[in-house]
Every structure is written in C-alpha cells, then in structure tokens.
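**Q** Here you go, one structure.
The values are calculated or read from the model by the stated rules, or taken from the named source; none is laboratory data. Note that the structure is a prediction, hence the values are computed from the model and not measured. Cβ coordinates were reconstructed from backbone atoms using ideal geometry, including for glycine residues, and neighbour counts include every protein chain displayed. Areas reflect the complete protein model, heavy atoms only, side chains present, ligands, DNA and RNA absent. Shrake-Rupley method; radii C 1.70, N 1.55, O 1.52, S 1.80 Å.
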Amino acid sequence: MGLELYLDMLSQPCRAVSIFAKKNGIPFKLCTTEVFKGQHPSKEFFQINSLRRVPTLKDGDFILTESSAILIYLSSKYQTADHWYPSDLRARARVHEYLGWHADCIRGTFGVPLWTQVMAPLIGVHVPEEKVQRNKTFMDLALQQLEEKFLGDRAFVAGQQVSLADLMALEELLQPVAVGCDLFEGRPRLAAWRERVEAFLGSDLLQETRGPILNILEQAVNKKVPTPPPEVHPCMLLRISRIP
C-alpha cells in the first residue's frame, strides 16, 4: 500500500503537509477528512487515528500524527533537498527551535479569528469581544517576536534558505488573513519574507491548496458553509473554551 495523507485543507498544518509533499513530488493518496462534515470523529477515522486529528499519515502499517513529525518523516524518507530539514546540526537545531516556539506561541493563537468569525457562529456561540481583542494582542506580540528573533536579518525563518519552519509559519499566518486580518500590513520585513516563500513554492500550488480557506469568509457570509453535525459540537465547544 502506498502513502496516504488524511487532510482537511481548512487546517493550517494540513496545508503545510500537502504543499510540502506536492512541491517535492512525493506521491500520495489524499484522504480528505473534513472537520465541518464531522468526518474526523467517525468510527472509520478512529481506526486510523484514535486521537481523531488531522493531519495523519499512513504509510503501509505505519501511522504518524502531528504535522511537524509528518514533515520530518517525509523529508527524511524521500530525501528531499537538504534546505528543508538540514543535515547540518546547528541548521537543523534552528528549525527545531522555531517549531518548538511555533507550537507554543503561534499554533493556538492564529487560528482564533477563524473560530470567532466562522466556526463558533455555526453552532450558535458568540465569543466575547474582550477575548477577540486579547487574542489580537497575542498575535501582535508573536509577530514581533517572529520578526525580531527568528527572521532578524535572515531571508527565511531558520536561515538563508527556505525550510520546514517557513512552511509551517506561513500557512499559520495565512489563517487570519483569510478572514480579513491582514497581518502583513505595516510589517514590510514580514511581507518581504512572505513574498520570498510564496515565490519559491509557486502560485499554482498555493492557489490549488489554499482555495478552501481563501473562500471560507465569502461562503460564511452567503451561508454556504455546512453546519457541523451535533456529534462534533463537543470538540468544537472545547476548542472555543480554550480561547483565553
């Protein structure tokens, strides 16, 4: 059996995994697992991933979860270009340094605007404005740290070449942009970094992968986003409750 990737393109880490695989010509079967349709808590998916989360990789009888682990596995197995996940110890450590910070300071924060503007209203939940503003403050602080600590005078997050760190960072930052929060306005250094990464990845690949998320706000306004089935409401409510 070949490589299978269980992905939902509304998810930032899922897009990162898909872009990486396609950019590097890694053949895989796409197993679309849409959160809005309640496919991730299904019995069928539970047999693949008991955590009921995407992305998930299945390579024969080997199953792997968590986007960073999946990206590292793919880069190592398929021996992709060294710049993605450098063989040099210190360069690789820089990638890991960013990914660790990303998990703490980016991952749970930059998806919040999508939840407050699109997902929470789908199940009749209103997120208090003070939480929205507090999260905006957290995003501003994280962006400042991203620019000053990780970009600095470098071309990319972990060095002078694009790496897994850039891919993870960019797709996460795109999430609020898709719902009208232009994080790059007034941040020329960050905007220039985005342009470099996107030029490297290629517009066709990005348009193909980002279609669902870039259309989500328009779909929500026109009430074309499917209402999540009741069985996924508890996990959605749990995620909303975690917005500080």
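**Q** Rounded if a/c is under 1.5, else prolate if a/b beats b/c, else oblate: with a ≥ b ≥ c from the C-alpha gyration tensor eigenvalues square-rooted, which is region 1-62?
**A** Note, shape of region 1-62 comes out oblate.
**Q** Applying a 10 Å radius around every beta-carbon, put 111-117, 224-230 in order of their mean neighbour count, most first.
**A** 111-117, 224-230
**Q** For residue 32 and residue 73 in one chain, what is 0.36 nm times their gap in residues minus the Cα-Cα distance, to one decimal in nm?
**A** Extending this stretch completely gives an extra 12.7 nm.
**Q** To continue, here is another question. For a Förster distance of 30 Å, can you work out the FRET efficiency between the beta-carbons of residue 131 and residue 215, rounded to the nearest 0.05?
**A** In this case the efficiency is close to 0.70.
**Q** If amide hydrogens are placed 1.01 Å from N in the peptide plane, which non-local residues have theirs closer than 5 Å to the one on residue 56?
**A** 6
**Q** Here's something else I'd like to know. Which of rounded, prolate, oblate describes the chain, given a ≥ b ≥ c as roots of the alpha-carbon gyration tensor eigenvalues and a/c under 1.5 marking rounded, otherwise prolate only if a/b is larger than b/c?
**A** It is oblate, given that a/c is not under 1.5 and a/b is not larger than b/c.
**Q** From the protein chains alone at 1.4 Å, what is the descending order of accessible area for 102, 96, 83, 126, largest first?
**A** Result, largest first: 126, 96, 83, 102.
**Q** Normalised by the residues of region 155-212, what does the relative contact order come to in percent, with Cα pairs under 8 Å and at least six apart?
**A** Reported as a whole number, the value is 28 percent.
**Q** Oh, and also: On the accessible surface of the chain, probed at 1.4 Å, how many percent belong to carbon and sulfur atoms?
**A** C and S atoms contribute 52 percent here.
**Q** Follow-up. Rounded to the nearest 10 Å², what accessible area does residue 31 have for a 1.4 Å probe in the complete protein model?
**A** The accessible area of residue 31 comes to roughly 20 Å².
**Q** Hey, what's the chain come to in accessible area per residue, 1.4 Å probe, Å²?
**A** Per-residue value: 49 Å².
**Q** Let me ask something else. Loop only by DSSP, 15 or fewer other Cβ within 10 Å of the Cβ. Give me the trypsin sites (Lys or Arg not before Pro) in region 129-176 that pass, ordered by residue number.
**A** Listed in order of number, the matching sites are 154.
**Q** Next question. Lysines near residue 23 by alpha-carbon distance under 30 Å, same-chain residues fewer than 8 away left out - which ones?
**A** 37, 58, 77, 149
**Q** Also, quick follow-up: When only C-alpha pairs under 8 Å and at least 6 residues apart count, what is the relative contact order of region 1-134, in percent?
**A** Answer for region 1-134 is 20 percent.
**Q** Note down the accessible area of residue 9, probe 1.4 Å, to the nearest 10 Å².
**A** Here the residue's solvent-accessible area equals roughly 40 Å².
**Q** If R0 is 30 Å, what FRET efficiency do you get for residue 46 and residue 160 from their C-beta distance, rounded to 0.05?
**A** 0.10
**Q** Would you please put 200-207, 67-74 in order of how densely packed they are, using the mean number of other Cβ atoms within 10 angstrom per residue and starting with the highest?
**A** Highest to lowest by the protection proxy: 67-74, 200-207.
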